[in-house]
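Only one structure is covered here, and it is reproduced in the block below.
Read the figures in this text as sums done on the coordinates, not as results from a lab. All values derive from a computational prediction rather than experimental measurement. So basically every Cβ, Gly included, is an ideal-geometry build from the backbone, and we count neighbours across all protein chains shown.
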Amino acid sequence: MDLVTAIETRRSVKQFDPDRQLSDDELRQLVRLGALAPTSFNMQNWHFVAVREDDRKADLAAAAYNQVQVANASVVIVLCGNLKAHTDTTRYLRNAPEVLRSMFDGMIRGFYAKNDALARDEACRSVGFAGQNMMLAARAMGLDSCPMIGYEPDRVTELLGLPAHCPPLLMLAIGKAEEPARPRLGLLDYDEILSCEIFGNHSLEGEIAHE
């Protein structure tokens, strides 16, 4: 499946085939492609928790207001932000030349030091990029997905044993669709979402086509 088709046909699926299992190789592929997403300074300020066991998925579903897609998905990947990634640059600069390691270490620490809001914003951006990669990768693999923020973070944190600096920022339910996604509710037109050169200059007009 080409990239454009994957983007056009990616939908938020609510009904998954509960009998569809996800192999280790498929999970590796999803995580590998997710981890190729960009991060500031190559911090890779994320941690992914993949849940495939039925009982644990049921617990997660309860923490997600009993949404059925969590219980029936082949895997639920909880994407956590690592809010302390900037404090240990040796993790992600280990293959860089010494001169770059020395330069970036001070730069990264200084940029995020005492700025918790920036560290969280950065983690949200990174997790969003990785999550989109995973959803498109799943589509290319013949699978479907549902990105979710409808869950209780404290309960998810407790269920997964997450440390305080790794909050659960996004949940992805991934599996084989048992029913098609609901029809799109409608996309905004070009002139509602796009300005060219300066804000408010809507030189492109018209509807954005659905798949």
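A few notes on this one:
Residue by residue, here is whether (1) closer than 21 Å to V68 by Cβ; (2) of a type in the set (A, V, I, L, M); (3) more than 22 Å from the chain's Cα centre (by Cα) holds:
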| site | (1), (2), (3) |
| --- | --- |
| L172 | yes, yes, no |
| A181 | yes, yes, no |
| I198 | no, yes, yes |
| H210 | no, no, yes |
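- For region 9-34, filtered to residues that are without any contact (Cβ under 8 Å) to a residue 12 or more places away in the chain and assigned to a helix (DSSP H, G or I), the residue that is farthest from H165 (Cα to Cα) is D25.
- Counting only residues that are surrounded by 20 or more Cβ atoms within 10 Å (Cβ to Cβ) and not in a helix (DSSP H, G or I), region 40-66 holds 5 of them.
- Residue list for region 177-192, restricted to those being in contact (Cβ under 8 Å) with a residue 12 or more places away in the chain and under 27 Å from R125 (Cα atoms): A181, R184, L187, L188, D189, Y190, D191
- Search result, residues across region 6-20 that are among the charged types (D, E, K, R) and more than 9 Å from D144 (Cβ to Cβ): E8, K14, D17, D19, R20
- Checking each residue in region 191-206 for being surrounded by 11 or more Cβ atoms within 10 Å (Cβ to Cβ) and part of a loop (DSSP other than H, G, I, E, B) picks out L194, S195, C196, N201, H202, L204.
- The residue list A50, A6, A37 contains one member that is closer than 20 Å to C166 by Cα and touching a residue at least 60 places away in the same chain (Cβ under 8 Å), which is A37.
- Residue in region 136-144 that is surrounded by fewer than 19 Cβ atoms within 10 Å (Cβ to Cβ), touching an Asp or Glu at 6+ places or on another chain (Cβ under 8 Å) and within 23 Å of P38 (Cβ to Cβ) present: yes
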